[in-house]
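Since the structure comes first, as structure tokens, the remarks are kept for the end.
We did not get these values from a lab; they are worked out from the coordinates using the rules stated. What you are looking at is a predicted structure, and each value in this text was computed from that prediction instead of being measured. When we count neighbours, we look across all protein chains shown, and the Cβ atoms used for this are built from the backbone with ideal geometry, even at glycine.
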Amino acid sequence: MSLPPDAGRCVDDVLRARRSVRAYLPRTLERNTVLEILAVAASAPSNSNTQPWRVHVLAGAPLKAFGEDLAMAFRCGDFAAPSHFPDPLPQALCAHRADFAVRYYGALGIDRDDTAARAAQTERNFSFFGAPVGLIFSIDARLGHHSWLDLGLYMQGVMIAAKSRGIDTCPQVSFAPFHARIARHLRMESNELTVCGMAMGFGDPAAPANGMAMPRQGVEAFVSDAGFDVSDLQADKTAASQLAVQAQAE
């Protein structure tokens with residue numbers, strides 16, 4: 001399939017523009033637009049074309065009822081212990097997570113020791129941060145890590161397809177510990193497992209939560225390579241690092 005000459009730069013711009021948006025405008029999102037995004041993302045690769053993703057889409061009154069149900073469960077402690085990170089988390093990753101918390105709660109003016117305010121902000125996850133559309137992604141629980149990777153590739157496609165249309169998203173692992181309640185609410189099949197959620201809508205540019213810069217490592221921090229001309233490689237790495245810095249500033 002041929003592409004226009006500037007396609008690469010357009011894709012780069014969309015990738016850099018995508019942000020995890022945690023506050024939305026009260027603006028509706030059409031069903032056909034959501035389905036179009038989900039359909040385009042389904043061109044994602046998967047092992048032996050198994051296409052293991054499943055998506056539950058919520059809007060309007062069902063979204064509101066769903067969010068209220070989970071918020072009540074959160075307040076009552078009616079959920080499984082979160083298991084999306086090992087304990088202990090590797091030190092290098094721990095530093096990234098701690099930096100995120102400082103930036104996130106700092107942007108919201110929430111003190112690190114203010115557990116009530118932090119809990120109230122966490123609870124906003126369950127209303128999809130006020131987005132008009134909420135997505136719950138699930139997978140067959142019998143599948144292994146590589147199929148979960150396939151689902152991740154699909155989700156990235158959803159976020160990029162949405163952003164290319166001017167629509168914002170936020171992937172949300174906070175839903176995973178509530179699988180038992182979510183499965184009942186959405187009438188999931190017995191082998192279905194909640195992986196995460198995703199808010200989708202039009203971000204509020206004035207919201208403090210959407211104004212924080214989230215740094216990314218330069219390519220030299222996570223890439224090892226062999227076989228390239230050393231001078232060319234260094235130039236490529238320098239250019240990639242400059243792009244990472246540019247993305248942080250935008």
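Cα-based Rg of the stretch 109-200 per 2.2 N^0.38 Å, rounded to two decimals?
It is 1.21.
Neighbouring Cβ atoms within 10 Å as the yardstick, rank 103, 181, 75 fewest first.
In increasing order of surrounding Cβ atoms, one gets 75, 103, 181.
Which of the listed residues, 47, 73, 104, is farthest toward the dipole's positive end in the stretch 42-176, when Lys, Arg count +1 and Asp, Glu count -1 at the beta-carbon?
47
To the nearest 0.05, what FRET efficiency results for residue 97 and residue 35 with a Förster distance of 41 Å applied to their C-beta separation?
After rounding, the FRET efficiency stands at 0.75.
Measuring from label point to label point, each 7 Å out along Cα→Cβ, what is the residue 84 to residue 226 span in nm?
According to this spin-label approximation, the distance is 3.6 nm.
Using every pair of alpha-carbon atoms in the stretch 58-106, split the distances into 10 Å bins beginning at 0 and state the percent of pairs per bin, rounded to integers.
Bin by bin from 0 Å, the calculated values are 20, 26, 36, 17, 1.
Under a Cβ-only charge scheme (Lys and Arg +1, Asp and Glu -1), can you give me the dipole magnitude of the stretch 23-214 about the Cα centre, in debye to the nearest 20?
Approximately 220 debye in magnitude.
Across 10 Å bins from 0, what is the distribution of all Cα-Cα pair distances for the chain, in whole percents?
6, 25, 36, 24, 7, 1
What shape does the stretch 1-63 take by its C-alpha gyration tensor, where a ≥ b ≥ c are the square roots of the eigenvalues and a/c under 1.5 counts as rounded, a/b above b/c as prolate, and the rest as oblate?
Because a/c hits 1.5 or more and a/b fails to exceed b/c, the stretch 1-63 counts as oblate.
Along the charge dipole of the stretch 151-200, Cβ charges K/R +1 and D/E -1, which of 175, 191, 153 sits furthest on the positive end?
Checking the options against the dipole of the stretch 151-200, the answer is 175.
Checking the a/c ratio against 1.5 first, then a/b against b/c, what shape does the Cα gyration tensor give for the stretch 61-154?
It is oblate, given that a/c is not under 1.5 and a/b is not larger than b/c.
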